[in-house]
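Beneath this line is the structure, given in structure tokens, with notes to follow.
The values are calculated or read from the model by the stated rules, or taken from the named source; none is laboratory data. Predicted, not measured: the structure shown is a model, and the values here were computed from it. Note that each Cβ is placed from the backbone with ideal geometry, even for glycine, and that neighbours are counted across all protein chains shown. Just the protein is used for accessible areas: all its heavy atoms, side chains included, with ligands, DNA and RNA removed. Shrake-Rupley method; radii C 1.70, N 1.55, O 1.52, S 1.80 Å.
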Amino acid sequence: MLKQIVCTIAVAVTLFSCSQKSQQMADDAFLHLIPKPVQAERLQGYFNVSGRIAINVADGNAQTLQVADMLIQTVKPVAQATLTTGTAAGFTSGILFVTVTDSTLGNEGYILHVTDSLITIKAQRPAGFFYAVQTIRQLLPPEQYNNTSHKSWLIAACSIKDYPLYALRGSMLDVSRHFFGVEDVKKYIDHLAAYKMNVFHMHLSDDQGWRIEIKKWPKLTEVGGSTQVGGGNGGFYTQEAYKDIVQYAAARFITVIPEIDMPGHTNAALASYPELNCNPKDSLPKLYTGTEVGFSSLCTTNEKVYGFIDDVIAELAAITPGPYIHIGGDESLVTPKEEYIKFMNRVQPIVTKYGKQVIGWDEIANAVLQPGTIAQHWADTLNPVKAIAQGAKVIMSPAKRVYLDMQYDSTTKLGLHWASYIEVEHSYSWNPATLVKGVEQKNIAGLVAPLWTETIVTRSDIEYMLFPRLLSYAEIGWSPVANRNWEEYKVRLAHHGLYLKAQGINFYQSKQVQWK
């Protein structure tokens, strides 16, 4: 009898200890969300994610149902969730998705209200529900990514109202210097989606490789796509593979922005077709596997070049449902300035003819910008001001702050440092609306952090340069300036390292952060 009593007490103590630990984990998760919500209040109690859970999408919207299914897959290790549609009235236990009219939320905002029996998610659009689910994932324990114990998970009761600061928030992956396959690209998209980013910029052509199939010009990929930095086989995306990437991104509310760089950064194209060169009877340029820039240019005085560009843009626009096509325009050092301006003035209408909005690197501001053209600031601080003077919006991608290929410090084995060393605090402690004189918040379309891949070869390399700096850029793009503070952020980041470790992400463990 005494033995049974002792065993019962031991079990009770163990359960109490486990419960305390689960509650502490839930409390910690609420305090360490990234990006930081606009408003967040802790309430009493915990929602227990275990057993049978009813999930109701009140309006039955197809996209919202897909989001709800993503949540079901997340809680699957500990919960048997059933998905229904119908009225919200009388639904008092489980998880409820409700479409509301609230102009403060915009297209991407959400309200999340958690009690011990009910999680209510409110949004105006499906994207808002998706971002609410990303918040829920951070409110769950890190073991969601490697759970083997099948314990119940707790979510701290809370009330959150959240919406983004900037319309465009994302990152660019250079697949031209080194080629990355579809699965690697999808993983990159997953990383962006987890932190409420909504654009994925694909740098699809450069001196070292042409990566997108153009059916009218097959040698672009047969020849131009055959190698990469350092040699090797290179690679390219068929149009079907590209459409698969676009569809995958769209399911995560991410818009793909394809870039065909021109008139410079074009050696792969020039090596593929003689008619793109000014002297087509001369021997073609050799394929290039180095890392220098600024030595190549399409022949801007050759009429055949504009027919080529029209064909490329037509095919790319047909498989890109998003509103943007990026035409590059950077570092065209051997193109005479007058010819560069004429070229950009002529190419912009080709893009708009196919119903797309032009984006170009900030040098494009030297041309006459079409209505709606966006200048992507990366280097010269005069260029975004020139663009704004023409009525254009600006994407902020300043190399000294957001280039993800920049080394953390002098000991970093990957990356370069021509723009700056970018340690974690340097990636976080800046404001896009005050960085460049003459560029204010009202002028900024958003923030995009590029990852150039001269030294990046594997998915592990990508992760190391991406994390944890991607989280800085996600928060700068989403959270109000008044909510951002490095001393407070680095504490949240330290806790978030547990989530990165649980996913097996290879991240830089900066000494500026006291990682958990």
Could you tell me whether I260 is open to solvent by less than 10 Å² (accessible area, probe 1.4 Å), out of contact with any Asp or Glu (no Cβ under 8 Å at 6 or more places or on another chain) and over 19 Å from A449 (Cα atoms)? no
From the options V457, V448, residue that is open to solvent by 10 Å² or more (accessible area, probe 1.4 Å), in contact with a His (Cβ under 7 Å, 6 or more places away or on another chain), modelled with pLDDT of 95 or more and not in a helix (DSSP H, G or I): V457
Please enumerate the residues belonging to segment 286-297 that are surrounded by fewer than 20 Cβ atoms within 10 Å (Cβ to Cβ), under 21 Å from V347 (Cβ atoms) and not aromatic (F, W, Y). V293, G294
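Looking at this structure, is S397 on the phi < 0 side of the Ramachandran plot and out of contact with any His (no Cβ under 7 Å at 6 or more places or on another chain)?
Numbers: on the phi < 0 side of the Ramachandran plot: yes; out of contact with any His (no Cβ under 7 Å at 6 or more places or on another chain): no.
No.
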How many residues are surrounded by fewer than 20 Cβ atoms within 10 Å (Cβ to Cβ), assigned to a helix (DSSP H, G or I) and within 22 Å of the chain's Cα centre (by Cα) if we restrict to segment 298-333? 1
Can you name the residue in segment 334-344 that is open to solvent by 50 Å² or more (accessible area, probe 1.4 Å) and not charged (D, E, K, R) and, of all such residues, is nearest to the chain's Cα centre (by Cα)? V334
Residue list for segment 86-106, filter: in contact with a strand residue (DSSP E or B) (Cβ under 7 Å, 6 or more places away or on another chain), modelled with pLDDT under 95 and of a type in the set (S, T, N, Q): T92
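Considering segment 261-291 alone, what residues qualify as being touching a residue at least 60 places away in the same chain (Cβ under 8 Å), on the phi < 0 side of the Ramachandran plot and in a loop (DSSP other than H, G, I, E, B)?
Residues of segment 261-291 that are touching a residue at least 60 places away in the same chain (Cβ under 8 Å), as a first pass: 261-269, 272, 287-291.
From what is left, the residues that are on the phi < 0 side of the Ramachandran plot are 261-264, 266-269, 272, 287-291.
Within segment 261-291, D261, M262, P263, G264, T266, S272, L287, Y288, T289, G290, T291 qualify.
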Give just the number: which of (1) in a helix (DSSP H, G or I); (2) open to solvent by 10 Å² or more (accessible area, probe 1.4 Å) does V347 not satisfy? (2)
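In the list Q407, Q390, which residue meets the criterion of being of a type outside the set (V, I, T) and buried (at least 16 other Cβ atoms within 10 Å of the Cβ)? Steps first, answer last, please.
Values: Q390 fails: buried (at least 16 other Cβ atoms within 10 Å of the Cβ).
The conditions single out Q407.
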For S410, state whether it is at pLDDT 95 or above, in a loop (DSSP other than H, G, I, E, B) and within 17 Å of K511 (Cα to Cα). yes
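Hey, can you tell me all the residues within segment 187-209 that are more than 11 Å from the chain's Cα centre (by Cα) and either of a type in the set (S, T, Y) or open to solvent by 10 Å² or more (accessible area, probe 1.4 Å) (or both)?
Taking segment 187-209 as the starting set, the residues that turn out to be more than 11 Å from the chain's Cα centre (by Cα) are 203-209.
Of everything in segment 187-209, just one residue is more than 11 Å from the chain's Cα centre (by Cα) and either of a type in the set (S, T, Y) or open to solvent by 10 Å² or more (accessible area, probe 1.4 Å) (or both), namely S205.
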Any idea which of (1) at positive phi; (2) open to solvent by 20 Å² or more (accessible area, probe 1.4 Å) is the one Q247 doesn't satisfy? (1)
Only one of S472, S429, S479 is of a type in the set (S, T, N, Q) and open to solvent by 10 Å² or more (accessible area, probe 1.4 Å). Can you tell me which? S429
